[in-house]
Every structure is written in C-alpha cells, then in structure tokens.
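See below for the structure under consideration.
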Amino acid sequence: MTWRTIHGASPADVPAMPPGRLRDEFLVAGLFEPGAAHWAYTHVDRMVLAGIVPLDGELEFGDGAAVGTAHFLDAREAGVANLGGPGRITVDGRTFALDNRDILYVGRGARALRFASDDPARPARFYLNSVPAGADHPHRRIARAEAKPLELGEARRANHRVLRMYIHPEVAPSCLLLMGITDLAPGSVWNTMPPHLHERRMEAYCYFDLAAGDRVIHLMGRPEATRHLVVADGEAVLSPAWSIHMGAGTGPYAFVWGMTGENQAYTDVDPVAVADLR
C-alpha cells in the first residue's frame, strides 16, 4: 500500500508550470496495480483518491493515520466504483457484491473495509473517492440500473453522452460527496461541453476504458490561460474549483466524476463559452 500527498497550486502559478510539474500537481497516475492499493491525499478540498486491485486474497484497509483519526472513515464518507470484473467489498462484516460500473457508498463511521475479486484472472478495479463528512448516511450499493441517467450533448457536435448519477440526493444521499459515471456515445469525443467552472465545488475525473494506445487530452486552468494534460487509461485528474475542465479522446472512453464542496447542486455551474477560451 502506498500513499502520496498532493498540495495543489494557485491559479496564478499554473501558466508558468512546466509539463512535469503540472502533472505532479494535478494528475494521479499509477492507481491500478494488480494486487495492490494506491492512495492519494489532496489538499484540494481534502479529497482522497485510491485504486485497489485485489487478486487471490483480500486487501484490507481502515487505519486513519494518514488523515489523523483512529479509523479512516471516522470523519469521512466514501464512494467506490468498480471499473473491472466482479468483486465484493466487506464493510464491518457486511458484504456488498459489485459488478462492473456499480458504486458502493460507505457512510461515516465505518471501521474496516476488505476488498476482493471474484476471479483473480479478471480482477475488480475499485476506484475510491473520500471526502470529509459531517453527517451519517447508511452504506448502500447502487447498481448501474439504479443510477439516474441524463442524456446530454449532440452527435453532430461530437459530445453526445450519458451521465449517470449514483451518489446524489436524487438516488443515494450523502453528506457532501457526489459521484457518477459518464459514457460517451460512439463517435463522440468531447466530455463536459461546454466547459464550465463551479467555484463552490472541486471535481476529480478518473478516465477508464481507454485502449492502451489512446489518450484523453484534458483541458484545465483559468479560461483565459488554459493548459492541458495527456491522460491514459486509469489515470485521474484533480480539477480545483477555479479551473475549467473539458477533454477530448483519441478513441472511446468513459470517466468517473466525483465532487465535493459547499453544496450538492449539480447545476450550480458557471458556463464558459468556447470562443472565450485562450
């Protein structure tokens, strides 16, 4: 198990950052290693990201040393998306089976989590987002069929997509965490179009289901001074509240989005016209 800490940066610093430092501050790579768990703690709204890929045995977690509490979820909640083969997560003795694209909400106060794959030859790929929480909500598995779908965009503009809300007040309530999965329609490449800011919430993207040779070009930064990150399968991007976020892929892909901040109003955004980007 490994931990890294990401401090983030001021928007005034970003235009002068060389590509390597930009990636260090905003890209979380190497999350999904077979048989291992990798964690990243970011000072951007104190979100924790993790990739957990169990093989023959279980991978256990619960210690809160990295966040200063006895147990990791003493003052936090979490969402865990399964991006691989069938698996299961046991929370304090209660087991939840997760198929591909199911998400488990884990409420504040859980003490011990155990992650397992049904078939080590086709392991689960668990992607976790965790944020501070000030209220208790029950653990809940949200199957893909239970998520709320929103059809967005247009094929003629290459941004036709289906956004599915999983951890959301209309589906599975939480304290501050929002989480879902967006799939692009065949032939579409652009996500989150038009770009926007949501000054009251940060967001993390985890891109997945990319072919080995494909990449997503993720645009970030202030609208008047955009930068880009080249993102591979299984890599995550931190998007602070002051940054735009939009991207285009060289081939098919999907992404998990996770948010936290001042509210859970998904439509509380400030659109940015593409013509105004620099």
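The values are calculated or read from the model by the stated rules, or taken from the named source; none is laboratory data. Source: prediction; values computed, not measured. Don't worry about glycine lacking a Cβ; one is built from the backbone with ideal geometry, like all the others, and counts go over all protein chains shown. Keep in mind that these areas ignore ligands, DNA and RNA; they rest on the heavy atoms of the full protein, side chains included. Shrake-Rupley method; radii C 1.70, N 1.55, O 1.52, S 1.80 Å.
For region 32-107, which trypsin sites (Lys or Arg not before Pro) are in a loop by DSSP, counting at most 15 other Cβ atoms within 10 Å?
Listed in order of number, the matching sites are Arg46.
For the chain, report the accessible area per residue in Å² (1.4 Å probe, heavy atoms, rounded to an integer).
40
Using a probe of 1.4 angstrom, how much of the accessible area of region 1-141 is carbon and sulfur, in percent?
49
How big is the Kirkwood radius of the chain, worked out from every pair of different alpha carbons and given in Å to one decimal?
Answer for the chain: a Kirkwood hydrodynamic radius of 18.8 Å.
Provide the three semi-axes, in whole Å and in decreasing order, of the ellipsoid equivalent to region 31-93 as defined by the square roots of 5 times the Cα gyration tensor eigenvalues.
Gyration-tensor ellipsoid for region 31-93: 21, 14, 11 Å.
Run lengths n ≥ 4 of DSSP H only: what is the helix-derived mean residue ellipticity at 222 nm for the chain, with -39500 (n - 2.57) per run over all residues, to the nearest 500? Please list the in-between numbers first.
On the way: 1 runs with 8 residues, N = 278.
That calculation yields -1000 deg cm²/dmol at 222 nm.
Could you state the principal axis extents of the C-alpha atoms in region 1-155, from the largest down, to the nearest angstrom?
Taking max minus min along each principal axis of the Cα atoms, region 1-155 gives 49, 48, 33 Å.
Name the shape class, rounded, prolate or oblate, that the alpha-carbon gyration tensor gives for region 98-138, where a ≥ b ≥ c are the square roots of its eigenvalues, rounded holds for a/c under 1.5, and otherwise prolate holds if a/b is larger than b/c and oblate otherwise.
prolate
Could you give the nm distance between label points at Ala135 and Ala65, where each point is 7 Å from its Cα heading toward the beta carbon?
3.4
Give me the mean projected area, in nm² to one decimal, of the convex hull enclosing the Cα positions of region 105-261.
Averaging across all directions leaves 10.4 nm² for the Cα convex hull.
Classify region 155-199: rounded, prolate or oblate, from the alpha-carbon gyration tensor (a ≥ b ≥ c, eigenvalue square roots; a/c under 1.5 rounded; otherwise prolate if a/b is larger than b/c)?
Here region 155-199 falls in the oblate category.
Which value, to two decimals, describes the C-alpha radius of gyration of region 81-164 once divided by 2.2 N^0.38 Å?
1.30
How long is the gain from Thr95 to Arg21 if the chain were fully straight, where each residue apart is worth 0.36 nm and the alpha carbon distance is subtracted? Please list the in-between numbers first.
Numbers: separation 74, 0.36 × 74 = 26.64 nm, distance 4.05 nm.
Additional length available on full extension: 22.6 nm.
Give me the percent of DSSP beta bridges within the chain that run antiparallel, rounded to the nearest 5.
Around 95 percent antiparallel, to the nearest 5.
Relative contact order for region 165-209: what is it in percent, counting Cα pairs under 8 Å that are at least 6 residues apart?
Averaging sequence separation for qualifying contacts and normalising by length gives 23 percent for region 165-209.
Could you check the simple spin-label distance between Ala143 and Arg46, using points 7 Å along Cα→Cβ, in nm with one decimal?
Going from the Ala143 label point to the Arg46 one covers 3.6 nm.
Defining a contact as two alpha carbons under 8 Å apart and six or more residues distant in sequence, what relative contact order in percent does the chain show?
Rounded, it is 17 percent for the chain.
So which trypsin sites (Lys or Arg not before Pro) in region 130-163 pass both tests, a DSSP loop state and at most 14 other Cβ atoms within 10 Å of the Cβ?
Passing both the DSSP loop test and the Cβ count: no residue.
Label Glu224 and Arg157 with points 7 Å out from Cα along Cα→Cβ: what is the distance between them in nm?
2.5
Below 8 Å between Cα atoms, with a sequence gap of 6+, how large is the relative contact order for region 105-220 in percent?
Relative contact order of region 105-220: 20 percent.
May I ask which residue of Trp3, Leu73, Val274 lies farthest towards the positive end of the charge dipole of the chain, with charges of +1 (Lys, Arg) and -1 (Asp, Glu) on Cβ and the Cα centre as origin?
The residue sitting farthest along the positive end of the dipole is Val274.
Pop out the carbon and sulfur fraction of the accessible area of region 153-278 as a percent, whole number, probe 1.4 Å.
55
Can you bin region 168-271 into rounded, prolate or oblate? Criterion: square roots of the alpha carbon gyration tensor eigenvalues sorted a ≥ b ≥ c, rounded for a/c under 1.5, prolate for a/b above b/c, oblate for the rest.
Values: a/c = 1.98, a/b = 1.33, b/c = 1.48.
Verdict is oblate for region 168-271.
GluC sites (Glu not before Pro), restricted to region 124-182: which are DSSP loop and have at most 16 other Cβ atoms within 10 Å?
Glu154, Glu170
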